[in-house]
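We did not get these values from a lab; they are worked out from the coordinates using the rules stated. Only a predicted model underlies this, so the values are computations on that prediction, with no experimental measurement involved. Cβ coordinates were reconstructed from backbone atoms using ideal geometry, including for glycine residues, and neighbour counts include every protein chain displayed.
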Amino acid sequence: MTDLLTVRDLHTTFHTRAGDVPAVNGVSFTMREGETLGIVGESGSGKSVTALSIMRLLPTPPAEITGQEVLFAGQDLLEMSQDQLRALRGNKMAMIFQDPMTSLNPVFKVGFQIAESVRMHMNLGPRDSWNRAVEMLDKVGIPNAARRANDYPHEFSGGMRQRVMIAIALSCNPSLLIADEPTTALDVTIQAQILELMRALSKEFQTAVMLITHDLGVIAGMAQQVLVMYAGRLVEATDTRTLFAKPAHPYTQALLHSIPRMDDAQNERLQPITGQPPDLLKMPVGCSFAPRCPKAQARCQRETPPLVEVGAGQRAACFFPY
Amino acid sequence: MADETMLATSMTTDALLDVQDLKVYFPMTGGLLQRGGAVRAVDGVNFTIRRGETLGLVGESGCGKSTTGRAILQLIPVTGGKVIFNGMDITKLSPKAVRQKRAEMQMVFQDPFSSLDPRYTVAQIIGEPLVNFKRGNNREIDQRIRELLSTVGLPTNSLNRYPHEFSGGQRQRVGLARALALNPSLLIADEPVSALDVSVQAQVLNLMEDLQQKLGLAYLFISHNLSVVRHISQRVAVMYLGRIVEITASRQLYAQPLHPYTKALLSAIPMPDPVLEATRQRIVLAGDLPSPVAPPSGCHFHPRCPRAQALGNPERCRQESPTLTMATLDHAVACHFPEA
């Protein structure tokens, strides 16, 4: 498998009246073709901003995106003009969001909305692009696709709307699909349907998926590689099995211990992480997890640990891993 | 309702709350279409909660779990049935008497951002019920507020601060302190940790367990998160489209679910274990949740039911609504063809 996306030292800072917010702070990683990469973290950890920065979908200002490079299929996205980006977005890279109601336009038929992106990027005429839209609706498991293409978004349920979003995203055969909490707004039985669909389609279309979620269970079932983010930084990066079997960073360990699991001894007491994630406006010096870390020592309050190899294919930003 | 069902849902010995055949219908009148009829949000629900016990109420959106919680507190009009709290049917009480009863049963809401008044200080928020119910003079109320703050683990310097100065987890502690102000014996917690980050969720769950131990509280814990419900509840009821489809001890429900819907629900939960996820058999239900405006005939679950499909869609599932009946001692299920 070859590298599809290489991100080197990505920084995204929001300039606000209250001060500069370092939402993404020196993130580096690589994604291979066809692979599913999970990004986990709590709210405000910078996982969505990382994805939006790669797509360059953030308004600048207030955002400022800097970095060494963001290579996508050999091209540096940070160097591209808005026109070049527009040709790429929705075509070679596509994105789906948490809330499928607000991402669809309520006044256009869903068939039209799928056909629109096909027409823009694949140079097909109105009839061919409509046929492609119907074909995609059928692919994502919407019954009576030919008839349903004439319906408006409000005539679909939440799960069905997310299927429509996936149909739009995959209509031009993208090599990268960014899915930002795609099932968080859905009920658990509907979530199972959508995850099943994403698994099948990413296999069929050979699409690499960047899956952003706060749910470690979703990561376990979907991703091959995982990035763990905390307060704008990458704290651990490894393959999924290693992450759950042998987490290196104390934050990852604490996160795994703090969730109630279906297979634990039922009345076992949860081990919460004490305190709160830091305020990005007042980031502590040194490791940002140090104030909540049970293993923190004097060095952790002074220096920021770099993300380094701690095991085979496992990187962690911690002076005292495992 | 069969006698044996009563045994399943109400081990009446020490029942604090006994909900009998509770119905909440929302009439569909007015509007452009002038539709008649009613949405049967809660359609004949039975369960009991013993003193100091946690009953988990799970189900997907629109199944009526929140409406059930609100109806118990008489926050919305009840269409039928009884809510017997401490031996008294509170659906028959005057509004004034209901208000007095509410001191003993309080609610904790999901969103700690919208359930606290932004213009009130923490002391005012926690003190409001104490003032309303005239629980002592200013000095005594102030004393009680400080006591409550320490009970929920907030520093005393929080008193004169406003909700926006607190994180989600801390706000939920303020919400708990307010709910506990009048020494209730029952807390109805509607998705109390769903808006919180996972690392903070555990703090609030542990606090709720500690409070239960210390104050002998009973909880009705309403949630869509089955892992959280399993952790905190002694008994669990599963709802689907306004009805309880299964109710039993938490351990029993997760080890040996009997209703096909419960089985599907449990198998749909993503587990934080990649090895298990790779090998596990999932029951993926086809189709969407039906609208509660026009629920399917007979058993509400039959159009999506894998068990009914395996049996060749029996007539009975389509025609006849199954009643909640005892399968084993303290394990009731509403299914014509339950399978262990």
Based on the inverse mean of 1/r over its pairs of different Cα atoms, what is the Kirkwood hydrodynamic radius of the stretch B:115-254, in Å? 16.2 Å
Could you list which residues have their amide H under 5 Å from that of residue B:107, counting only those 5 or more apart in sequence or on another chain, with H placed in the peptide plane? B:188
For the protein assembly as shown, compute the orientation-averaged projected area of the C-alpha convex hull (one quarter of its surface), in nm². 31.9 nm²
Eigenvalues of the Cα gyration tensor times 5, then square-rooted: what semi-axes does that give for the stretch A:236-289, in whole angstrom, largest first? 25, 17, 7
What is the gain in length, in nm to one decimal, between residue B:21 and residue B:283 on full extension, counting 0.36 nm per residue of separation less the C-alpha to C-alpha distance? 91.2 nm
Over the alpha-carbon set of chain A, work out the extent along each principal axis and list the three values in angstrom, largest first. 67, 50, 41
Applied in sequence order to the stretch B:77-92, the curve 6.51 cos²θ - 1.76 cosθ + 1.60 (Karplus, θ = phi - 60°) yields integer Hz couplings, x standing for Gly and Pro, of x, 8, 7, x, x, 10, 10, 9, 10, 6, x, 10, 6, 7, 6, 9
When the distances between all Cα atoms of chain B are binned every 10 Å from zero, what whole-number percent does each bin get? 5, 24, 31, 24, 12, 3, 0, 0
Run the dipole for the stretch A:15-78 about the Cα centre, Lys and Arg Cβ at +1, Asp and Glu Cβ at -1, nothing else charged, and hand back the magnitude in debye, nearest 20. 160 debye
Taking just the alpha-carbon atoms of the stretch B:29-119, what radius of gyration and Dmax come out, in angstrom? 15.6, 48
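Note down, for the stretch A:51-206, the three equivalent ellipsoid semi-axes (square root of 5 times each alpha carbon gyration tensor eigenvalue), biggest first, whole angstrom.
Details: eigenvalues 141, 68, 44 Å².
Output for the stretch A:51-206: semi-axes of 27, 18, 15 Å.
Express the relative contact order of chain B as a whole percentage, based on alpha carbon pairs under 8 Å and six or more residues apart in sequence.
Numbers: 618 pairs, mean separation 72.8, N = 340.
For chain B, the relative contact order is 21 percent.
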Average partner coverage of A:183-192, which counts Cβ from other chains inside 10 Å: 6
What list of whole percents do you get for P(r) of the stretch B:186-340, with Cα-Cα distances grouped in 10 Å bins up to the one holding the largest distance? 9, 34, 35, 18, 4, 0
Could you go through the stretch A:67-73 in sequence order and give the Karplus-derived ³J(HN,Hα) for each residue, using 6.51 cos²θ - 1.76 cosθ + 1.60 with θ = phi - 60°, rounded to whole Hz, and x for Gly and Pro? x, 5, 6, 10, 8, 10, 6
For chain B, set up a Gaussian network in which alpha carbons nearer than 10 Å are linked by springs, and say which option among B:163, B:290, B:155 fluctuates the most. B:155
Quick query: amide H of residue B:79 versus all other amide H atoms, modeled in the peptide plane; which residues come in under 5 Å with a sequence gap of 5 or more or a different chain? B:23, B:24, B:25
For the stretch B:97-177, alpha-carbon Rg over 2.2 N^0.38 Å: 1.06
Computed from the mean reciprocal separation of all distinct C-alpha pairs, what Kirkwood hydrodynamic radius does the stretch A:249-322 have, in Å? 13.8 Å
In nm, the gap between the two label points placed 7 Å beyond Cα toward Cβ at residue A:265 and residue B:147 is 3.6 nm
Would you mind checking A:47/A:295; A:47/A:139; A:139/A:203 for any pair whose Cα atoms are more than 20 angstrom apart? A:47/A:295; A:47/A:139
Per the charge dipole of chain B (beta-carbon charges, Lys/Arg positive, Asp/Glu negative, Cα centre), the residue among B:26, B:287, B:127 reaching farthest to the positive end is B:127
In nm, the gap between the two label points placed 7 Å beyond Cα toward Cβ at residue A:99 and residue A:79 is 3.8 nm
Residue by residue through the stretch A:145-153, the couplings from Karplus 6.51 cos²θ - 1.76 cosθ + 1.60 with θ = phi - 60°, in Hz, x for Gly and Pro, are 3, 4, 7, 5, 4, 8, 8, 9, x
With the alpha-carbon atoms as the only input, what is the per residue convex hull volume for the stretch A:1-117 in Å³? 142 Å³
Nearest-5 percent of antiparallel DSSP beta bridges in the protein assembly as shown? 60 percent
For residue A:178, the residues 5 or more places away or on another chain with a placed amide H closer than 5 Å to its own amide H are A:94, A:95, A:96, A:210
With r defined as the distance between the Cβ atoms of residue B:138 and residue B:194 and R0 fixed at 30 Å, what FRET efficiency is calculated, to the nearest 0.05? 0.25
20 °C / 1.002 mPa s Stokes-Einstein diffusion coefficient of the stretch A:1-53, Kirkwood radius on C-alpha pairs, µm²/s: 173 µm²/s
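Please report the net charge: other residues with Cβ closer than 12 Å to the Cβ of residue A:2, K and R +1, D and E -1.
Computed value for this residue: -2.
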Run the dipole for chain B about the Cα centre, Lys and Arg Cβ at +1, Asp and Glu Cβ at -1, nothing else charged, and hand back the magnitude in debye, nearest 20. 700 debye
Can you tell me what percent of all Cα-Cα pairs in the stretch A:93-144 are more than 14 Å apart? 57 percent
Points 7 angstrom from Cα along the Cβ direction at residue B:51 and residue B:310: gap in nanometres? 4.4 nm
Averaged across A:255-265, how many Cβ atoms of other chains sit within 10 Å of each residue's Cβ atom? 6
Note: probe point = Cα of residue B:99 + 7 Å toward Cβ; backbone nitrogen < 15 Å; residues of the stretch B:129-164 passing the test are B:129-135
Restricting to lysine pairs 8 or more places apart or on different chains, what number in chain B have Cα atoms under 19 Å apart? 11
Just flag the trypsin sites (Lys or Arg not before Pro) in the stretch A:9-114 sitting in loop per DSSP whose Cβ has no more than 10 other Cβ atoms within 10 Å. A:17
